[in-house]
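Right, one structure below, let's go through it.
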Amino acid sequence: MQTLLTLPMTLGYGYAYSEEGVIGLESGYGDYLFISHAHSDHIRPIKKRKLLSSEFTAKLVYNIKPAKKLKNIEYHNAGHIPGSLQISIDTDGGKIVYTGDIKLSSRGSIKGADVVECDYLIIESTYARMVHPSYDDVVHNFKKFMKKKGTKIIGAYPVGKAQEIIMLLNEQGTTPIVTEKIHEVNKLCSKKIDYVVAGTDYANEIIRDDFVAILPPSKINRELAVNMSVAFNKKIYTVGITAQPWAVYKYDKVFPISDHADKNELIEYVERANPKMILTTHGDDIYFANLLRKKGYNAITYSKLKR
Ligand SMILES: [Zn+2]
Ligand SMILES: [Zn+2]
C-alpha cells in the first residue's frame, strides 16, 4: 500500500502556478486561461485573462488569436478533435500535465495523442469503464450501412466528429448535407471535404432522392424522425456516432466511434507518463482513481482538491 503524496504548492483545483502567472485550467481562476479544445463543456468565458490554446480553438470559440506561449509551458497533441491540446507546466514543485480530452490511437486525419512524462497528471476519465470496439470494424459497419438504400440523418458533434464522418462518407462517394454550424467549422479545417449546406438550392435538389444529412446530436430526436418520415413519405433512419451507452434509445442505429481514450488507453497513458500522482477528472473519475489505486498508483479525483 502506498501513501498519498501531498500536492505541490503550485497546484490547486482548476489552476497551476507558474513563474509567469497563474494558469486557469479550463476554470475561472488565474491570469491565463488554458482551453484544451472547442467542445462546449471545456469552454469558459475569457474575461480579462490571456488565452492559452491552439490557433484553431482560439479562432473557432473566441474569434481571437491566442496569447504567446509562456516559457514554462509546453503544448502537446491531444488526438481528440482538430486543435485539441494538452498542456504541461514546469513548476518548482514538478511537472504538471493537464490532458483535457485525449485519444491515443490515430484515425482519419487525426493523429493520436502524445504521452507526456510528468510528476503530476490531471487526466480525463470519460470512458474509464469502457473498452471501445475496434475502430476499423466500426467504420466498416458504418460504411456498409450507409451504402444501403434509405435516407439517413446522422447526429455528430459539429467539431471533430462531423468532419470525420464527412470524410468517411466522401470515401464512398457520398456528399452529405450539413448545417450552417458544421459548415463554419469545416471552413477552419485544412483538409478538403465535400458537403452541401442545408437550405441551398443544391441541397434542396439532393433531398428529392435518398440523402444523408449531418446534424448536431441535440437537434435529433424520435419526433423529428417521425415527422420527416411523414413529410418525405419514406422511412428516415437516425444514426448516432457515439460510444455513449444511452444512444441506442435515441437512434435507429448507433456506431460507437469515440474521440476519447477507453480504459486501456487511459491506463496506457498513466503507465507511460509515470507520474508520482494522478488526478482524474470528467466522467468516471471516481472509478478510474480507484482502479489506479488498485494498481499501486497515487490517484484521487481532481474534484477532491475543491475547497
Ligand atoms: Zn471533448
Ligand atoms: Zn470533454
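Every read-out reported here was derived from the displayed coordinates using simple, explicitly stated rules and does not represent laboratory data. All values reported here derive from a predicted model rather than from experimental measurement. Cβ sites come from the backbone with ideal geometry, for glycine too, and all protein chains shown count toward neighbours.
Please report the relative contact order for the stretch 135-255, taking Cα pairs under 8 Å with a sequence separation of at least 6, and give it as a percent rounded to a whole number. Before the final figure, lay out each step's value.
Working: 168 pairs, mean separation 40.9, N = 121.
RCO, the stretch 135-255: 34 percent.
Sequence neighbours fewer than 8 away in the same chain don't count; with that in mind, list the aspartates and glutamates whose C-alpha is under 15 Å from LYS191.
GLU164, GLU171
Relative contact order for the chain: what is it in percent, counting Cα pairs under 8 Å that are at least 6 residues apart?
Details: 621 pairs, mean separation 57.8, N = 307.
19 percent.
When a/c is below 1.5 the answer is rounded, else prolate if a/b is larger than b/c, else oblate, so apply that to the stretch 175-228 with a ≥ b ≥ c taken from the square roots of the Cα gyration tensor eigenvalues.
Working: a/c = 2.45, a/b = 1.37, b/c = 1.79.
Oblate.
Can you tell me the order of 62-68, 261-267, 91-97, 39-45 when each peptide is scored by its average per-residue count of other Cβ atoms within 10 angstrom, highest first? Don't skip to the end; give the middle numbers.
On the way: 62-68: 12.7, 261-267: 21.0, 91-97: 19.1, 39-45: 14.4.
Put in order of decreasing packing, that is 261-267, 91-97, 39-45, 62-68.
Determine the sum of side-chain charges near TYR297: Lys and Arg each +1, Asp and Glu each -1, restricted to other residues whose C-beta is under 11 angstrom from that of TYR297.
+3
Could you state, as a whole-number percent, how many of the C-alpha pairs of the chain are farther apart than 29 Å? Write down the numbers at each step before the final one.
Working: 19002 of 46971 pairs.
Counting every Cα pair in the chain, those more than 29 Å apart make up 40 percent.
I need the shape label for the stretch 19-178. Rule: rounded when a/c is under 1.5, else prolate if a/b > b/c, else oblate, with a, b, c from the alpha carbon gyration tensor. Could you put the intermediate results ahead of the total?
Values: a/c = 2.86, a/b = 1.87, b/c = 1.53.
Cα axes put the stretch 19-178 in the prolate bin.
Based on DSSP, what percent of beta bridges with both residues in the chain are antiparallel, to the nearest 5? Show your work: numbers first, answer last.
Details: 17 of 51 bridges.
Percentage antiparallel, nearest 5: 35.
Quick check: Cα centre of the stretch 60-74 to Cα centre of the stretch 225-240, how many Å?
44 Å
Could you sort 147-157, 201-211 so that the peptide with the highest average Cβ count within 10 Å comes first and the rest follow in order? Write out the running numbers ahead of the final one.
Numbers: 147-157: 18.0, 201-211: 12.8.
Packing order, densest peptide first, comes out as 147-157, 201-211.
Please state the relative contact order of the stretch 234-299 as a whole percent: Cα pairs under 8 Å, 6+ residues apart?
Values: 55 pairs, mean separation 13.9, N = 66.
Computed value for the stretch 234-299: 21 percent relative contact order.
Using the alpha-carbon centroid of each, what span in Å lies between the stretch 271-305 and the stretch 97-122?
The two parts, judged by their Cα centres, are 16 Å apart.
For LYS50, give me every one of the lysines with a C-alpha distance below 16 angstrom, ignoring sequence neighbours fewer than eight places off in its own chain.
Within the straight-line limit of under 16 Å, LYS50 reaches these lysines: LYS59, LYS65, LYS68, LYS69, LYS71.
Using a Förster radius of 45 Å, what is the FRET efficiency between LYS147 and LYS304 based on their Cβ-Cβ separation? Nearest 0.05, please.
Working: r = 49 Å, r/R0 = 1.09.
Efficiency at R0 = 45 Å is approximately 0.40.
Treat the stretch 135-255 as a sphere of radius equal to its Kirkwood radius over Cα pairs and apply Stokes-Einstein at 20 °C in a medium of 1.002 mPa s; give the translational diffusion coefficient in µm²/s, rounded to a whole number.
Details: Rh = 14.5 Å.
In µm²/s, the coefficient is 148.
Which percent, to the nearest 5, of DSSP beta bridges fully inside the stretch 1-84 are antiparallel? Spell out each step's value before the answer.
Details: 6 of 12 bridges.
Antiparallel bridges make up about 50 percent of those DSSP assigns within the stretch 1-84.
Let me have the 222 nm mean residue ellipticity of the chain computed from DSSP H runs of 4+ only, each contributing -39500 (n - 2.57), with the sum over all residues rounded to the nearest 500.
Details: 8 runs with 75 residues, N = 307.
About -7000 deg cm²/dmol.
I want the local charge near LYS219. Using Cβ-Cβ distances under 14 Å, sum +1 for each Lys or Arg and -1 for each Asp or Glu among the other residues. List each step's numbers first, then the result.
On the way: positive: LYS161, LYS181, ARG222, LYS250; negative: GLU180, GLU223.
Here the count lands on +2.
Calculate the dipole size of the chain relative to its Cα centre from +1 charges on Lys and Arg beta carbons and -1 charges on Asp and Glu beta carbons; express the result in debye to the nearest 20. Working shown, then result.
Values: 42 positive and 34 negative charges, 111 e Å.
Magnitude of the dipole: close to 540 debye.
Sort 248-260, 278-290 by packing, meaning the average of other beta carbons within 10 Å per residue, with the highest value first. Show your work: numbers first, answer last.
Numbers: 248-260: 19.2, 278-290: 21.3.
Highest-to-lowest ranking by the protection proxy: 278-290, 248-260.
Rank GLN86, GLN163, GLN244 by mean-square fluctuation in a GNM of the chain with C-alpha springs under 10 angstrom and give only the top-ranked residue.
GLN244
Report the charge-dipole magnitude of the stretch 135-255 in Debye, nearest 20, computed about the Cα centre from +1 at each Lys and Arg Cβ and -1 at each Asp and Glu Cβ.
For this selection, approximately 300 debye.
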